[in-house]
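In what follows, a structure is listed as structure tokens, so that the remarks can point back to it.
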Amino acid sequence: MKTQVAIIGGGPSGLLLSQLLQRRGIDSVVLERKTKEYVLGRIRAGVLEQGLVRLLEEAGCADRLHAEGYPHDGTIVSYGDEQFRIDFRELTGTPVVVYGQTEVTQDLYEAREKAGGKIEFNVENVVIQGANTDTPQVHYTVDGEARVIECDFVAGCDGFHGVSRQTIPLDVRREYEKVYPFGWLGILSETPPVNHELIYANSPRGFALCSMRNENLSRYYIQCSLSDRPEDWTDEAFWTELKRRIPTAVADKLVTGPSIEKSIAPLRSFVTEPMCWGRLFLCGDAAHIVPPTGAKGLNTAASDVHYLYNGLRDFYENASTAGIDSYSEKALARVWKAERFSWWFSSLMHTYPDQSPFDLKMQLAEIEFLRSNEAAQKSMAENYVGLPY
């Protein structure tokens, strides 16, 4: 098979890149190691920056987002029984939109299928060859049958454990990582959200987050030990612990119910440099991971797609390599700022096993400074709603 861009990974970043390229007449093939049903079954974040919203509009995939998404003009930060609001619209003029990543992926799959996009599922044994030449190839198997794609470029959108980053030689790439000493236990429940905006809670018992998917589907998280397993936590134990970590006034109106999904996510910050090698380009989790505090994972992947899509478009429409030559530098400049924000917000809201009494006082002082200082709130709001591309 021949194509212009081979895209490894059928998650939202790979699908979005494929859809954007096709609308410019640029051919691509998407390779996904799982089934479509598996991809759509993954529960992920649901806070979208306006940059991602605009990309989905350009891709022709924003109708349902605009009809069903929930614009959020701010967020709540609590510590103990105290709470205050960061007003995004007043501070930046920009809201975020709550719309589940699963819904984004569903919309993109429907658009790719409607457009006749080429997507291969159940792909195994992927090997990228000749990435540092003008004629890269992607070798893989489907149901035991060996196949090859000849292409101009390879986009690695295959996540942290994918083959794309591993294809870049060790003497070329450098990796930076911070592993956090806790995880997030999250549940999804068919209950009305406790608040119409997200609540980020700092408490002596650990972090908690009150989020939502829609008016009758709530997503809640609590900080937990890395040794915990989802089955260690009954629904009742989860709800009891959540109530201990959020302000009493919020806990009193919390509607509980059976969980329909329960999982634990470890937290890490990770970046690999550079984000390209020859004609192989990394996007999203293949190149960087952020802790979920602040919802930057999907949004940072979207900014990668923006830079790569425009670079490829410039190559095919104007015979210019300027965009693809500068891709890694541009993408990383924004990635590191998102990493900084996610690291800062995580440090502010979580309890750490090695915190001294002085450290706890400094954390409280930082939260109270954020509460009282408009410039600090503006800085947080600008990062939360999304830095410009």
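The values are calculated or read from the model by the stated rules, or taken from the named source; none is laboratory data. Bear in mind that the values here come from a model prediction, so they are computed numbers and not experimental data. Surface areas here come from the heavy atoms of the whole protein model, side chains and all, with no ligands, DNA or RNA. Shrake-Rupley method; radii C 1.70, N 1.55, O 1.52, S 1.80 Å.
If you roll a 1.4 Å probe over the heavy atoms of the protein chains, what accessible area per residue do you get for the chain, in Å²?
Each residue of the chain exposes 43 Å² on average to a 1.4 Å probe.
List the pair-distance distribution P(r) of the stretch 255-389, using every Cα-Cα distance, as the percent of pairs falling in each 10 Å bin from 0 up to the bin containing the longest distance, rounded to whole percents.
The calculated distribution, bin by bin, is 11, 32, 28, 20, 8, 2.
Restricted to Cα positions, what overall size does the stretch 89-248 have along the principal axes? Three whole-Å values, descending.
62, 40, 40
Step through the residues of the stretch 215-224 one at a time and calculate ³J(HN,Hα) from phi using the Karplus curve (6.51 cos²θ - 1.76 cosθ + 1.60, θ = phi - 60°), rounding each to whole Hz and writing x for Gly and Pro.
5, 9, 9, 10, 10, 10, 9, 9, 5, 9
First compute the accessible area of the stretch 180-331 with a 1.4 Å probe, then give the percent of it belonging to carbon and sulfur atoms.
Within the stretch 180-331, the accessible surface is 49 percent carbon and sulfur.
Quick check on the stretch 164-264: what does the Kirkwood estimate of hydrodynamic radius come out to from the alpha carbon pairs, in Å?
Here the Kirkwood hydrodynamic radius works out to 15.1 Å.
Which aspartates and glutamates have a Cα lying under 19 Å from the Cα of Lys337, excluding residues fewer than 8 positions away in the same chain?
Glu49, Glu175, Glu177, Glu273, Asp285, Asp304, Glu329, Glu382
Pick out the long, greasy-scoring helices in the chain: whole DSSP H runs spanning 27 Å or more along their own axis by Cα, mean Kyte-Doolittle at least -0.5.
Helix filter hits for the chain: 327-349.
Quantify, in whole percent, the carbon and sulfur part of the accessible surface of the stretch 17-139 (1.4 Å probe; protein heavy atoms only).
Answer for the stretch 17-139: carbon and sulfur cover 42 percent of the accessible area.
What is the Cα radius of gyration of the chain over 2.2 N^0.38 Å, N being its residue count?
1.00
Hey, what does the equivalent ellipsoid look like for the stretch 1-160, semi-axes from the Cα gyration tensor as sqrt of 5 times each eigenvalue, largest first, whole Å?
36, 17, 15
State which entries of Lys296/Lys378; Lys178/Lys361; Lys262/Lys296; Lys118/Lys262; Lys2/Lys114 exceed 29 angstrom in Cα-Cα distance in the structure shown.
Violating the 29 Å Cα-Cα cut-off are Lys118/Lys262.
So what is the diffusion coefficient of the stretch 330-387 in µm² per second by Stokes-Einstein at 25 °C and 0.890 mPa s, using a Kirkwood Rh over Cα pairs?
It comes out at roughly 194 µm²/s.
P(r) for the stretch 218-262: what percent of alpha-carbon pairs falls in each 10 Å bin, starting at zero?
23, 59, 17, 0
Tell me, how many Å apart are the Cα centres for the stretch 309-349 and for the stretch 350-365?
33
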